[in-house]
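Chemist: Pasting a structure here, questions to come.
The values are calculated or read from the model by the stated rules, or taken from the named source; none is laboratory data. In this text, all values refer to a predicted model and were calculated from it rather than measured experimentally. Ideal geometry is used to build each Cβ from the backbone, glycine not excepted, and the neighbour counts take in all protein chains shown.
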Amino acid sequence: MLDIYETCKKNQHRLTKLKSIEPMQSYQDNQKYSITIDPAKKYQELLGFGGAFTEAAAYTFYRMREDLQEEILSAFFSEKGLAYVMGRTHINSCDFSLNNYDYVEKNDDTLSTFSIDREKKYVIPWIKKAQAQAGVPLKILSSPWSPPGWMKTNHSMNHGGKLLPDYSDIWAQYYCTYIREFAKEKISIWGVTVQNEPEAEQIWDSCLYTAEEERDFVKNHLGPVLKRNDLDNVKIIIHDHNRDRLFERSKTILQDPEAAGLIWGAGFHWYCQGNYQNLDYFNEYFPEKKLIFTEGCQEMGTHHNDYSLGERYGKAMINDLNRNTVAWLDWNLLLDLTGGPNHVYNMCSAPVLVDPKNQKIFYETSYFYIGHFSQFIKPQAKRIFCSVSDGVLLATAFINPDKQLVLVLMNDQAEDKEISINILRKNYQCVLLGNSIRTLLLTEGK
């Protein structure tokens, strides 16, 4: 018997549990659209799903009443919500901060003035609440948008610029100090990316690295400094930019054996047109390295109540997971109805939007589409073979540690599709409505 949960544009279902379906009495794979699943063929093991604890999101969270804060925490971190087990933070400020800031006084190359007091106001308390709700320590990935301006060629945190070579070791030590200060707050930093979007010269916090510069910073500074600080258990993740240049930059970095030995894997964003083939190339050349989706959101405002927002998430998540991605991290967990706050007015959407003035919460379609994966596919689940007979439909399948099989099916076409699902020598048939996503669960013995 398959249990079914559905989100659909036509009937306004939102992670709604439907009537379970029984297998056919005899094998009848006579539908145009056929899904075949083989649990014996296994691929990557999943770390989990999560989102970003930006200062903007944390500040917005604390503008809500305590009862609504509890609702938001449950929505993201409880088993009945998105069941997130991962998160992302920014080292120093990012565009989704209230303004530019760093952790040291100007020209303090000893880092003696280093302080994360700024993060203790909103970000750290929120992470602690999230961990309490999740019941487990979250795996936190931390990314710098920019070093302090005085360490850079342009003397500014904004508008790109590069790290001055004389500050390379000091900047690497900066990561270590950040990790240790968070550890004092009982928040473990699981991994760091070298630089958020190293090829983007933005009007906000940004810093440029060529692939060769990123390679050499990891090899000669970040890796050795983490090791000297007994922090070489912290994962180093390169690229942290769009899929379109993922393979090209990673190849330059990972072909250096010394650099490759220090690197856990590569992170990527979605602000480009698909380019999923670059994940395939990465897997082919570097099968021992991991892939992690580190950021994605709908740009240019909130797109409130836009159903296509959820479908963008669904397409990306299925395509990424089917190419050995081991974790998928959304951008801001929540924002206000302007798509901010953002100190350079780069407004974007989030799965949860709130109206602090009227104390209201709005769950966007992206929230429910993410939930079709994160609520059901558990950490340590393994992706299993899943084929689709026609390229119109999208599908991925996992088997959880408790042996429950999870199948996610998506139809972004307007027309309904009659489908046949073949699992463990049993055949199930159903109609997948137009503009819908379904999660189907098969528990061993049911």
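Chemist: So which residues in segment 1-19 are of a type in the set (D, E, K, R) and more than 13 Å from THR439 (Cα to Cα)? Steps first, answer last, please.
Modeler: Kept after step one, since they are of a type in the set (D, E, K, R), are these residues of segment 1-19: 3, 6, 9-10, 14, 17, 19.
Listed by number, the residues that qualify are LYS9, LYS10.
Chemist: If I ask for residues that are farther than 25 Å from CYS386 by Cα and among the charged types (D, E, K, R), which ones from segment 292-324 would you list?
Modeler: GLU295, GLU299, ASP306
Chemist: Another question about this same structure. Name every residue in segment 399-439 that is among the acidic types (Asp, Glu) and touching a Phe, Trp or Tyr at 6+ places or on another chain (Cβ under 9 Å), in order of residue number.
Modeler: If the condition is that a residue be among the acidic types (Asp, Glu) and touching a Phe, Trp or Tyr at 6+ places or on another chain (Cβ under 9 Å), then GLU418 is the only one that fits.
For (1) closer than 25 Å to PRO401 by Cα; (2) modelled with pLDDT of 95 or more; (3) buried (at least 20 other Cβ atoms within 10 Å of the Cβ), each residue gets a yes or a no:
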position	(1), (2), (3)
GLN44	yes, yes, no
ALA56	no, yes, yes
CYS94	no, yes, yes
ASN99	no, yes, no
ASN107	no, yes, no
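Chemist: Could I ask something else about it? If you go through segment 164-182 one residue at a time, do you hit one that is in contact (Cβ under 8 Å) with a residue 40 or more places away in the chain, surrounded by fewer than 20 Cβ atoms within 10 Å (Cβ to Cβ) and either touching a Cys at 6+ places or on another chain (Cβ under 9 Å) or more than 22 Å from VAL225 (Cα to Cα) (or both)?
Modeler: No - not one qualifying residue is present in segment 164-182.
Chemist: Applying the selection to segment 414-427, what residues are touching a strand residue (DSSP E or B) at 6+ places or on another chain (Cβ under 8 Å), more than 17 Å from ASP390 (Cα to Cα) and assigned to a strand (DSSP E or B)?
Modeler: Here is the first cut: in segment 414-427, the ones touching a strand residue (DSSP E or B) at 6+ places or on another chain (Cβ under 8 Å) are 416-424, 427.
Adding the requirement that they be more than 17 Å from ASP390 (Cα to Cα) leaves 423-424, 427.
Result: ILE423, ASN427.
Chemist: Out of segment 303-335, which residues are surrounded by fewer than 23 Cβ atoms within 10 Å (Cβ to Cβ), touching a strand residue (DSSP E or B) at 6+ places or on another chain (Cβ under 6 Å) and part of a loop (DSSP other than H, G, I, E, B)?
Modeler: Result: ASN322, ASN324.
Chemist: Which of the residues that make up segment 77-98 are under 24 Å from VAL194 (Cβ atoms) and not hydroxyl-bearing (Ser, Thr, Tyr)?
Modeler: Scanning segment 77-98 gives VAL85, MET86, GLY87, ARG88, HIS90, ILE91, ASN92, CYS94, ASP95, PHE96.
Okay, residues lined up against (1) touching a residue at least 60 places away in the same chain (Cβ under 8 Å); (2) aliphatic (A, V, I, L, M):
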| site | (1), (2) |
| --- | --- |
| GLY48 | yes, no |
| ALA52 | yes, yes |
| PHE61 | yes, no |
| PHE76 | yes, no |
| SER93 | yes, no |
| LYS106 | no, no |
| LYS128 | no, no |
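Chemist: Looking only at residues that are buried (at least 20 other Cβ atoms within 10 Å of the Cβ) and closer than 20 Å to ARG65 by Cβ in segment 352-365, which one is farthest from the chain's Cα centre (by Cα)?
Modeler: First, pick out the residues of segment 352-365 that are buried (at least 20 other Cβ atoms within 10 Å of the Cβ): 352-354, 364-365.
Filter again for closer than 20 Å to ARG65 by Cβ, leaving 352-354.
On the way: VAL352: 15, LEU353: 18, VAL354: 21 Å.
Top of the filtered list is VAL354.
Chemist: Kindly list, by first and then second residue, each pair from a residue in segment 284-305 that is among the aromatic types (Phe, Trp, Tyr) to a residue that is modelled with pLDDT of 95 or more and part of a loop (DSSP other than H, G, I, E, B), limited to pairs with Cβ atoms under 8 Å and residues at least 6 apart or on different chains.
Modeler: PHE293/TRP270
Chemist: If you don't mind, another one. Condition (residue is under 18 Å from LEU46 (Cα atoms) and in contact (Cβ under 8 Å) with a residue 12 or more places away in the chain) applied to segment 408-423: is it met by at least one residue?
Modeler: To start, the set of residues in segment 408-423 that are under 18 Å from LEU46 (Cα atoms) comprises 408.
Restricting the remaining residues to those that are in contact (Cβ under 8 Å) with a residue 12 or more places away in the chain gives 408.
Taking every residue of segment 408-423 in turn, at least one turns out to be under 18 Å from LEU46 (Cα atoms) and in contact (Cβ under 8 Å) with a residue 12 or more places away in the chain.
Chemist: Separate question: Against the definition (more than 23 Å from the chain's Cα centre (by Cα) and at pLDDT 95 or above), how does ASN283 come out, yes or no?
Modeler: On the way: more than 23 Å from the chain's Cα centre (by Cα): no; at pLDDT 95 or above: yes.
In short, no.
Chemist: Please tell me if LEU222 is at pLDDT 95 or above, assigned to a helix (DSSP H, G or I) and over 24 Å from CYS94 (Cα atoms). Can you show your working first?
Modeler: Details: at pLDDT 95 or above: yes; assigned to a helix (DSSP H, G or I): yes; over 24 Å from CYS94 (Cα atoms): no.
Taking the combined requirement at face value, the residue does not satisfy it.
Chemist: Here's another thing I want to ask about it. I need every pair where a residue in segment 239-268 that is at positive phi has its Cβ under 8 Å from the Cβ of a residue that is hydroxyl-bearing (Ser, Thr, Tyr) and outside any helix (DSSP H, G or I), sequence separation at least 6 or different chains.
Modeler: The qualifying pairs are HIS239/THR193; ASP240/SER143; ASP240/THR193; ASP240/THR294.
Chemist: How many residues does segment 340-384 contain that are closer than 17 Å to THR54 by Cα and either of a type in the set (Phe, Trp, Tyr) or in a helix (DSSP H, G or I) (or both)?
Modeler: Selection size over segment 340-384: 1.
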